[in-house]
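This report refers to the structure that appears directly beneath it.
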Amino acid sequence: MATVIGQDITIEGEITADEAVVVAGTVRGKLSVDGPVTIEAGAVVEADVGASTLSVGGTLTGNVTASERVDLLAGGRLVGDVKAARLTIADGAVFKGNVDMEG
């Protein structure tokens, strides 16, 4: 089961979760998840994100730490540093930052 942050919802602060999180709205602060995080097209995240996997279809401004992988989807935008074992960047995605793939 996933926790969904809907399109019309804005959350400011620190979010922690043990299950998947899907962001369709706006999150500002910090997002720490033991499972996968999906940032849907149109969503805005201004936060540092820690997750097992991260899929970015919207806009993410912040540093990312993923234990497995980060997927930047077509139309997605990520501004910040990424630390992950794997990173994929689709055609049409925008990325500005540094990547650390050690580990």
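A short reminder: the numbers here are calculations on the coordinates, not readings from a lab. As the structure is a prediction and not an experimental result, all values here were calculated from the model. Because the Cβ atoms are built from the backbone with ideal geometry, glycine has one as well, and the counts that use them run over all protein chains shown.
Would you calculate the separation in nanometres between label points at S32 and R69, each defined as 7 Å from the Cα along the Cα-to-beta-carbon direction?
2.6 nm
Report the one residue of L54, V21, G75 whose Cα lies farthest in the direction of the positive end of the charge dipole of the chain (charges on C-beta: Lys and Arg +1, Asp and Glu -1; origin at the Cα centre).
G75
Please give me the summed charge of the neighbours of G58: other residues whose Cβ is under 13 Å from its Cβ, Lys and Arg +1, Asp and Glu -1.
Working: positive: R77; negative: E40, E46, D71.
Here the charged neighbours net out to -2.
Amide H of V4: which non-local residues (sequence gap of 5 or more, or other chain) have their own amide H closer than 5 Å, using H built in the peptide plane?
Sorted by chain and number, the residues that satisfy this are V22.
Give me, ordered by chain and number, the residues 5 or more places off D81 or on other chains with an amide H under 5 Å from its own placed amide H.
Residues meeting the amide H criterion: N63, V64, N98.
With a bin width of 10 angstrom, please list the P(r) values of the chain as percents of all Cα-Cα pairs, from the 0 bin to the one holding the largest distance.
Binned Cα distances yield the sequence 18, 57, 24, 1.
Could you tally the net charge around T3, taking each other residue with its Cβ under 11 Å from the Cβ of T3, Lys/Arg +1 and Asp/Glu -1? Kindly include the intermediate steps, with their values, before the conclusion.
Values: positive: none; negative: D18, E19.
Neighbour charge sum, excluding T3 itself: -2.
From the phi angles alone, apply the Karplus equation (6.51, -1.76, 1.60; θ = phi - 60°) to region 38-51 and give each ³J(HN,Hα) in whole Hz, x where the residue is Gly or Pro.
Result, rounded to whole Hz: 10, 10, 6, 4, x, 7, 10, 10, 10, 7, 7, 10, x, 7.
Would you mind putting 59-65, 93-99 in packing order, based on average other-beta-carbon counts within 10 Å, highest first?
On the way: 59-65: 20.3, 93-99: 13.1.
For the peptides 59-65, 93-99, the packing ranking is 59-65, 93-99.
Pop out the ³J(HN,Hα) list for region 2-7 in order, Karplus 6.51 cos²θ - 1.76 cosθ + 1.60 with θ = phi - 60°, rounded to Hz; leave Gly and Pro as x.
The phi angles translate into 10, 8, 10, 9, x, 4 Hz.
Search the structure for amide H atoms under 5 Å from the amide H of V27, placed 1.01 Å from N in the peptide plane, and list their residues when 5 or more places away or on another chain.
When sequence neighbours closer than 5 places are left aside, the close amide H contacts are I11, V44, V45, E46.
Counting other C-beta atoms within 10 Å, which of I5, I39 has the fewest, and how do the rest follow? It would help to have the intermediate numbers written out before the result.
On the way: I5 21, I39 28.
Fewest-to-most ranking of I5, I39: I5, I39.
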